[in-house]
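A short write-up of the structure that comes next.
The values are calculated or read from the model by the stated rules, or taken from the named source; none is laboratory data. In this text, all values refer to a predicted model and were calculated from it rather than measured experimentally. We place every Cβ from the backbone using ideal geometry, glycine too, and count neighbours over all the protein chains shown.
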Amino acid sequence: MAMRYYAPFPGGGDPYRPRGFHALRIGDAERDAVAADLGEHYTAGRLTLEELHERLSAAFAAKTYGQLTHILADLPGQGRLAELAATSHPARPRSWDEREEPTATDRAGRFAALALLMLAMMIWLFTALIFASHGMPHPAGGPYP
């Protein structure tokens with residue numbers, strides 16, 4: 001069975017509808033950035049040691065950007081998470097009308113693909129012509145036993 005590209009989300013719902021940025025999964029880099037931000041807020045006196053431990057536990061257990069932003073919601077400043085989010089946020093796919101002109105690499109790739117296709121067609125054509133004019137050789141010496 002082939003796996004679908006868009007797996008359904010737990011709890012149902014439309015699996016093909018794009019989700020918001022808050023629902024994107026995070027990695028260790030984002031968790032570490034939030035932990036560093038929390039450490040700076042602790043040294044600035046905005047968090048107590050108990051709050052720091054609670055928020056660090058929640059940060060390392062977080063799975064989405066929404067959970068991380070909730071941890072930092074009442075603290076001032078952009079922090080490292082905003083920088084990481086700006087660089088890792090996937091851009092929406094452009095439509096064919098918005099695409100830019102093909103680059104030299106794009107043109108070279110298309111030329112190579114076209115050249116391989118032409119080569120395969122030439123081999124097929126010559127093979128077809130050879131077998132059409134000479135016929136298939138038969139092991140018994142003739143077409144009939």
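Annotations for the structure displayed:
- For region 9-16, the criterion of being at pLDDT 85 or above and within 22 Å of the chain's Cα centre (by Cα) is met by no residue.
- For region 66-98, a tally of residues being in contact with a Leu (Cβ under 7 Å, 6 or more places away or on another chain) and at pLDDT below 85 returns 2.
- Counting the residues of region 38-56 that are surrounded by 13 or more Cβ atoms within 10 Å (Cβ to Cβ) and in a loop (DSSP other than H, G, I, E, B) gives 2.
- The sole residue among ALA112, ALA59, ALA35, ALA132 that is aliphatic (A, V, I, L, M), loosely packed, with under 14 Cβ neighbours inside 10 Å and modelled with pLDDT of 85 or more is ALA112.
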